[in-house]
1. Hey, any hits in the stretch A:139-149 for a residue that's within 21 Å of the chain's Cα centre (by Cα) and farther than 27 Å from A:Ile205 by Cβ?
2. Looking at B:Arg210, B:Arg222, B:Arg204, which one is at pLDDT 85 or above, closer than 30 Å to B:Ala146 by Cα, crowded, with 17+ Cβ neighbours inside 10 Å and of a type outside the set (A, V, I, L, M)?
3. Please work out if A:Val180 is surrounded by 15 or more Cβ atoms within 10 Å (Cβ to Cβ), within 14 Å of chain B (Cβ to nearest Cβ) and β-branched (Val, Ile, Thr).
4. Restricting to the stretch B:23-46, and then to whatever is more than 19 Å from B:Arg186 (Cα to Cα) and surrounded by 22 or more Cβ atoms within 10 Å (Cβ to Cβ), can you tell me which residue is modelled with the lowest pLDDT?
5. Just a yes or no: is a residue in the stretch B:153-160 among the charged types (D, E, K, R), buried (at least 21 other Cβ atoms within 10 Å of the Cβ) and away from chain A (no Cβ under 12 Å)?
6. Please give the number of the condition B:Lys33 fails out of (1) at negative phi; (2) in contact (Cβ under 8 Å) with a residue 40 or more places away in the chain; (3) of a type in the set (D, E, K, R).
7. Give me the pairs: first residue in the stretch B:169-182 and farther than 16 Å from B:Ala148 by Cβ, second residue aromatic (Phe, Trp, Tyr), beta-carbon distance under 7 Å, and six or more apart or on different chains, which are they?
8. Could you identify the single residue in A:Gly131, A:Gly192, A:Gly142 that is away from chain B (no Cβ under 12 Å), in contact (Cβ under 8 Å) with a residue 24 or more places away in the chain and surrounded by fewer than 16 Cβ atoms within 10 Å (Cβ to Cβ)?
Amino acid sequence: MNPVQSHVLTRAEILGYGALGLIAFLGLWSFLSLSGVVPHQFLPAPHEVAARFVALTSNPFAGATLQQHLASSALRFAYGFLLGAAIGIPLGLLMGWFRVLDEIVTPLFDALRFVAPIAWVPFAALWFGTGIGGPILIIFAGAFPPCLINAYRGARFVSRPLIEAAQMLGTGNLRIIVEVLLPASTASIVAGLRVSAGLGWQSLIGAELIVASTGVGFMMVQAQLDISTTTVMSAMIAIGLVGVVIDVALRALEAAVRRRGLA
Amino acid sequence: MAAISFDAVQKSFARSGKSFLAVDRIDLVIADKEFVAIVGPSGCGKTTCLRMVAGFESPSAGTVSVDGRRVTGPGPDRAVVFQQFALFPWKTVHDNIGLGLRNKGVAREERESRIAKAIALMNLQGHETAFPHQLSGGMQQRVAIARAYVLDPDVLLMDEPFGSLDAQTRITMQEELVRLARLNPRTVLFITHSVEEAVYLADRVVVMSRRPGRLKEVIDVRSVRVAEKWDRIERIEDVMDHESFIHWRTHIWRSLREEKEEV
C-alpha cells in the first residue's frame, strides 16, 4: 500500500475502492450474523435490515412512516441550523470587528462550547418542551459554535490593506462588516456551515432520543422498547443517508463559492 | 496654505518586547498642490511617514496635520493608493470606484456621473463590470487611482503605487500620473524606491536616511524642471536623457549610496 500522496487515483479506482470497502463490511456483517458467531437477537442480517427499511417506508411505525419521521427530524434540523447560522455568523463578524465585544463574549463562549449539546436536554425540555422547541435548542447548541468561530476567524484574518482601503474611503462600521468582512470571510463561513450542519444533525438525533414525539430518534427509542433491532438499524441507515445528503449539499455550496472566486 | 505638515514627528514600534525607533525628527511642510516624493533605503520608515498622514498609524511624538488639522484617523479627504492596489475582489470596477461616494452619501445621479468621469480619466471605459482579478496589474492600479481621484481628495497618498508593475507598464503609469497631475493638481505624497520615478514626477524629492529614518536632504526638482522645460518633452525616456535629469538622478543615487555603505 502506498502513502496517500504518492499516487493519483482515477475516478474509477476511487469508486472501486469505495465499493470494495462497503462489500467487505457487508460481507463481514453477514458472516457474523448468519454464522451465529454473534447471536441473531443482537445482530440482524443485512438483508433483513434492508427488507425492514423498505417496509418502514410504507408501514407506519410509532405512528408514522420512515419518511414522515425523517421529515419531522429534518424540519427541526432546519430550524435549529438556520437559527445557529442566523445568530452565529453576524455575532462572529461583529466580534471580529469590535474588539470589546470579542473580549466580552469569548471567555463565556469558550466555556460554554465544551458543554456537549446533549447536556442541554434537561433544560431544553424544561424551557421549551418536548415538541419542537426543546430539540431546536439542542441542535442550536451543536450548530451555533462552528458558525460563530468561522465567521469570527474569517473576519479577523481579512487582509489589512483591504480594511485600510475601506477606512480611507470613509466606510462606516456596519458597511465594513457587510461589504468587506462578510464577503472576505465567505469561504471560511461556508466551511463552518458544513461542520455546523454535521454537528447539528448528530445533536438532533441525540435530542430526539429523549425529547420528541416524532422523528427518527424517537422512532429508535420506540424500536428499542419493541426490541426490534432491524428497525433501529433502518433508522441508523436513514440518519447516515440524510447526513450524507446534507454534507453533499453544503459541499456543493462550498464549491460554488470557490468558483465565484470569493475565497 | 500648508497641506501636509510634519512637526517634530517621531514614531517607534514595539517588536518582541523591545521598542525601536522607526522615524525620528521629521519636520516637513508640503504645500497645497505640491507633489513630494520620498526616497530612502529599505526600512527607513518612508512608508510609516505616509501611513501617519493616512491616519493608519499615529506618531509617538510630534504631530502630523493636514490643512492645519491634526490627523486622528483615516478619512476620504486623504485618499490612499496602495502598492498592492487593495481593490475589493468581490466588487466590480464600477463598485470599487463608487464605494467612497456612497459612503459620503452622494446622490445616485451625481455619483454615476462622477464615476463615469473617473473611469474616462483613467481610460477604463468598457471595464466597468469587470472584477479586479480579470484585469492586468496596470489596469488594477488605474482602478485604484480612479477610486482615489473620484473622491476629489485634498491629499493623495501613494505608497509605491507602481512598485509591483512591470517596467513598461510602470512608465505608462508614470506618464499618466504626470498628465493627471497637470489636469487636476493635488497635494501628493509619493513613496518610491525608484530614483528616476521620484525625479520625473515630483516637485521636491525628500531623501531619507537609514533607520531611524530622518530627513537627509530635500531637493527642489521643480525649479530645474521649469528652467530646463521638461514639461515640453513628451516622453519619459527623453526627459531621462536630459543632462539636468541625469545630474539630479546621480546626486540622489550618491546620497542613497552613502546611507547603504554606512551599514
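1. Checked against the condition, which is being within 21 Å of the chain's Cα centre (by Cα) and farther than 27 Å from A:Ile205 by Cβ, the stretch A:139-149 yields no hits at all.
2. Answer to the check: B:Arg204.
3. For A:Val180, the condition - surrounded by 15 or more Cβ atoms within 10 Å (Cβ to Cβ), within 14 Å of chain B (Cβ to nearest Cβ) and β-branched (Val, Ile, Thr) - is met.
4. Taking the stretch B:23-46 as the starting set, the residues that turn out to be more than 19 Å from B:Arg186 (Cα to Cα) are B:23-27, B:39-46.
Then keep just the ones that are surrounded by 22 or more Cβ atoms within 10 Å (Cβ to Cβ); that gives B:23, B:26, B:39-40, B:44-46.
Values: B:Val23: 89, B:Ile26: 91, B:Val39: 93, B:Gly40: 88, B:Cys44: 85, B:Gly45: 88, B:Lys46: 90.
Looking at the filtered set, the residue picked out is B:Cys44.
5. Narrowing the stretch B:153-160 to residues among the charged types (D, E, K, R): B:154, B:159-160.
Then keep just the ones that are buried (at least 21 other Cβ atoms within 10 Å of the Cβ); that gives B:159.
Still in the running and away from chain A (no Cβ under 12 Å): none.
For the stretch B:153-160, residues among the charged types (D, E, K, R), buried (at least 21 other Cβ atoms within 10 Å of the Cβ) and away from chain A (no Cβ under 12 Å): absent.
6. (1)
7. If the second residue must be aromatic (Phe, Trp, Tyr), the pairs left are B:Arg170/B:Phe162; B:Gln174/B:Phe162; B:Gln174/B:Tyr200.
8. Values: A:Gly192 fails: surrounded by fewer than 16 Cβ atoms within 10 Å (Cβ to Cβ); A:Gly142 fails: surrounded by fewer than 16 Cβ atoms within 10 Å (Cβ to Cβ).
Of A:Gly131, A:Gly192, A:Gly142, the one residue that is away from chain B (no Cβ under 12 Å), in contact (Cβ under 8 Å) with a residue 24 or more places away in the chain and surrounded by fewer than 16 Cβ atoms within 10 Å (Cβ to Cβ) is A:Gly131.
The values are calculated or read from the model by the stated rules, or taken from the named source; none is laboratory data. This one's a predicted model, so the numbers in the text were calculated from it and none came from an experiment. Virtual Cβ from ideal backbone geometry, glycine too; neighbours counted across all protein chains shown.
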